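One structure below.
The values are calculated or read from the model by the stated rules, or taken from the named source; none is laboratory data. Everything numeric here is computed off the predicted structure, so don't read it as measured data. As a convention, Cβ positions derive from the backbone with ideal geometry for all residues, glycine included, and neighbour counts pool all protein chains shown. Calculation scope for accessible area: heavy atoms of the full protein, side chains included, ligands and nucleic acids excluded. Shrake-Rupley method; radii C 1.70, N 1.55, O 1.52, S 1.80 Å.
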Amino acid sequence: MLKKVLGWLKLPALLVVLLVLASWGRTGHRVISFKSFLSFNNEMQQFSNWVDYLVSHSSDPDSRRSSDPTEAPKHYIDIDNYPEFVSSGKIEQDYNTIVAQHGYNFVIEQGILPWTTLTTLDSLKACFSRRDWQKAEFFVADLGHYIADGHMPFHITRNYNGQFTGNTGIHGRYESDMINNFENDIVYSGQPAQYIENPSGYIFNYLYKNYTCVDSVLQADNHAKTVAGNTSSDLYYQTLWNDTRHFTTDLFKQASFSFASLIYTAWTDAGKPQMNSTDIAMVKTGNDGLFDVSLSGFFSRSARISYQVTTDSVVVISVYDVSGNHIQTLASGSKSPGFYSLNWKPEKRSRALYFIIYRSKEFYRVKKVIL
Ligand SMILES: [Zn+2]
């Protein structure tokens, strides 16, 4: 049915979206979900047990796209295909009203990212109300993903791959290749999550604001191409990063903060239910024996980090402090299958909370430790 209505001309564009574009890439989604914990306020500490799950499931909605045909339009909105956005900078926020204005097929075809974010928030609120923590965990991971997509400029425009301005391919170059190269340079801190009175207005406002970054990335792409003479060299990516670093870091920071604030909002609306110790034990997922961090020795203030490599892979183990700063890289290199372990002792004398991140070809794990 949808195919008929869209017509054959529209299908190639839809397929490109389905097959090529993967929203911030896995790295960007992991960083945004991980650093949302930096914005958890004092009331939200029970949720810090979710960090490992949220980070390892931050790209689940992208993975669902291959098996669920209704998933793809949830990740973007080509907002500048709405004439009223071009003329007034705004569109109708209410889903039923905008469908009445433009027709169902038009709305689906432009993508439904803001309404997906809202329905995911509502589902989360319902899970909190029922104290269904395991389902809540699933919807929190999804919510973080859709909020992150709303902070990726090329998920908010019809020119989603630079195809209308001579910048074809910029989507992947910006969100995946550049971010993979400069992940350790994306440094930002959190600020305490806030209650959002009007989630719909809040979500549309960040989309409008983030849309203004589209032109800035295109300009940076043009500049980097002129400097490097190509779109693949280290010089190209270094120039692209230099030109976009400031606002890209801010997009990440705002995404993490919005994520924490919307979790806080759903939880507050549900009456702030508290997890008991059984609940906390049940949501501690990700303990599959592949990566473990324990305290070694009672007085030694050092951590024992053990991990299992299942296939030949590059393994990177890094330590971050509670403000999200990269403290140290403990391991980085190719490993063959087997069991490994190492000890780590922080240089700082006072006790502090650290996140230890394990990355391999197949796994990404986060553990917190207080040393
Ligand atoms: Zn996505």
Which of the following residues is at pLDDT below 90, within 16 Å of the ligand (Cβ to nearest atom) and surrounded by fewer than 20 Cβ atoms within 10 Å (Cβ to Cβ): Leu18, Leu6? Leu18
Find the strands (runs of 3 or more DSSP E) located wholly in segment 300-371 whose residues include 1 or more that are free of Cβ contacts under 8 Å to residues at least 24 places away in the same chain, among the polar types (S, T, N, Q) and surrounded by 12 or more Cβ atoms within 10 Å (Cβ to Cβ), and list them. 326-335
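Quick check: anything in segment 208-225 of a type in the set (Phe, Trp, Tyr) and closer than 22 Å to His155 by Cα?
yes
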Do we have Ser39 as away from the ligand (no atom under 14 Å from the Cβ), among the small types (Gly, Ala, Ser) and in contact (Cβ under 8 Å) with a residue 12 or more places away in the chain here? yes
Tell me the helices (runs of 4 or more DSSP H) entirely within segment 59-134 that contain at least 1 residues that are at negative phi and within 14 Å of the ligand (Cβ to nearest atom). 60-64, 113-130
Taking segment 51-109 and keeping only residues that are open to solvent by less than 50 Å² (accessible area, probe 1.4 Å) and aromatic (Phe, Trp, Tyr), one is left with Tyr53, Tyr76, Tyr82, Phe85
In segment 277-292, is there at least one residue being open to solvent by 50 Å² or more (accessible area, probe 1.4 Å), of a type in the set (Val, Ile, Thr) and free of Cβ contacts under 8 Å to residues at least 40 places away in the same chain? yes
Given Ser189, Ser129, which one is at pLDDT below 95 and in the same structural domain as Asn230 (by TED's automatic domain parsing)? Ser189
